[in-house]
Each structure stands twice: as structure tokens, then as C-alpha cells.
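Q: Pasting a structure below so you can have a look.
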Amino acid sequence: MSRDFEFRQLLRAYRGGIINEAAFERELAQLEQISPPPHNGGGFYAMGKSYPSEKAAIMNFLEGAAAGEAGGAEAFSRWAEVCKTDCIRSGLRMVAEREAYHSRQLGQRLRELGGECKGEMGEEGRKFVEFMSNPANPDLEKLGYLNRNFGSADQIFKPVREFIASIREDLQTREMLRLFVEDECSTLNWLCEACAALSAPKQSAAASA
Ligand SMILES: [Fe+2]
């Protein structure tokens, strides 16, 4: 089993709520001990995987993120079209715009570095878009799904923030990724707050009187 595979399994378990943050950190530390990242030979280590160079790690990240954000743009814009909850509809449109511009800018930077956006939406991504755009699924169910799968923005983006902080040569990409992550955190925090507000029991007129 490759280190990359093990890391992804671990991240999936954490995102899916199967293990908590403490368990995630513990397992990650163990993984590091069992097979320490090969720093020799000028390689670059990022998010559980080693790359031949910083540039290779960045290009890999840009390609994956550009494709993921394009999927997010589609999911959120289609959800906004069928959204029945007035107070979140325009927020969803804002999120969709963010996702779309992230995809454009990350893709542009990838091309500037000599890469190509070949990443395509996988089966999981396609299912996600279908779930979000289905008018039969209640808005609160969609918010709950996002919260369960992504949870706390700070926790989810910790490995990405560490990767960004480790970039030493390509400062142009580092700075754009810093802004990208802040947008993503803002989106997740807003979704989390919307979920909490819409899940809260409604105060009855008698109780509030
Ligand atoms: Fe996103």
C-alpha cells in the first residue's frame, strides 16, 4: 500500500467523520514515522506525498484544484437555480462565482507554468453535482451533507495551508493560493452557519412573547 494511498484513506476517514481530529493527527504522525518522507535528492514533500520538485507539487495541486473548483461551480450554480430557501439563494450564487473564478485563475497559473488542465470530474464529483442540483433534495439536507463531509474549514485546510507555507520558490503561486484558501474557508464557514441557523428549532410566538 503506497504512502499516498494510506494518506488519502486517512483523510477520507477524517472528512467522513469516522475519526476525530485527535485520531487523525495521531495516525498521520504514525504514518510519518513508518515511512518518513524522502527529503533527500532535492524532492519536495506536500500533503502526504513527495514530488521531484516544488514546481511539480504546485502543478499537481493546481490541476486537481482547478478541476475540483469547476465541479464546485457547477454544483453550486445548479443548486442556486433550484434552491427553495430565499435567505441562502444569493449566497449560493456568490459561492458558485467564487468556485468558477478559482478554477479559471488556478488553471491560468497552471498554463503559465507550462501545464495543462487535464483533470476531469470523477464519478464521486458527478454524484455530488447530481445530488446538489436535484430539486427533490431539501436545501437543509444539502447543507447537512456539506457539513458532514467537510466539517471545520480550519481542520480541512490545515494540510493545504502547511503546503502553501512550505512554498519557497514560486511566491506568485503561493500568494494566490493563500487567497484561494481564505475564500474556501469563508465559503465553508458560511455553509456551516447557514446549516446551524436553518436547523435551529423555530421559536414559537408564545415562547418569544
Ligand atoms: Fe471550492
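Q: In what sequence, largest accessible area first, do D86, D139 appear using a 1.4 Å probe? Could you put the intermediate results ahead of the total?
A: On the way: D86 115, D139 15 Å².
The most accessible residue leads, giving D86, D139.
Q: Which cross-chain or sequence-distant (5 or more) residues have an amide H under 5 Å from the amide H of Y51, H modelled 1.01 Å from N in plane?
A: Under 5 Å from the amide H of Y51 lie the amide H atoms of F44, Y45, A46, each far enough along the sequence or on another chain.
Q: In the structure displayed, which of K84/K158; K127/K158; K55/K142; K55/K158 lie more than 31 Å apart, Cα to Cα?
A: On the way: K84/K158 33 Å; K127/K158 26 Å; K55/K142 36 Å; K55/K158 20 Å.
Among K84/K158; K127/K158; K55/K142; K55/K158, the Cα-Cα distance tops 31 Å for K84/K158; K55/K142.
Q: Calculate one ³J(HN,Hα) per residue across segment 46-54 by plugging θ = phi - 60° into the Karplus curve 6.51 cos²θ - 1.76 cosθ + 1.60, and present them in order as whole Hz with x for glycine and proline.
A: 8, 6, x, 9, 10, 10, x, 7, 4
Q: Hey, another quick one. What percentage of the solvent-accessible surface of segment 59-197, computed with a 1.4 Å probe over protein heavy atoms, is contributed by carbon and sulfur atoms? Numbers along the way, then the final one.
A: Numbers: 3750 of 7370 Å².
Heavy-atom surface of segment 59-197 belonging to carbon and sulfur, 1.4 Å probe: 51 percent.
Q: Just how large is the dipole of segment 59-197 about the Cα centre, in debye to the nearest 20, putting +1 at every Lys and Arg Cβ and -1 at every Asp and Glu Cβ? Walk me through the numbers before you get to the answer.
A: On the way: 18 positive and 24 negative charges, 15 e Å.
Dipole of segment 59-197, to the nearest 20 debye: 80 debye.
Q: What distance in nm lies between label points placed 7 Å from Cα along the C-beta direction at A197 and E124?
A: 3.0 nm
The values are calculated or read from the model by the stated rules, or taken from the named source; none is laboratory data. The structure presented is a predicted model; accordingly, all values stated were derived computationally and were not measured. Here the Cβ is made from the backbone with ideal geometry for all residues, glycine too, and neighbour counts use every protein chain on show. Just so you know, the surface numbers come from the protein's heavy atoms only, side chains and all, with ligands and any DNA or RNA stripped out. Shrake-Rupley method; radii C 1.70, N 1.55, O 1.52, S 1.80 Å.
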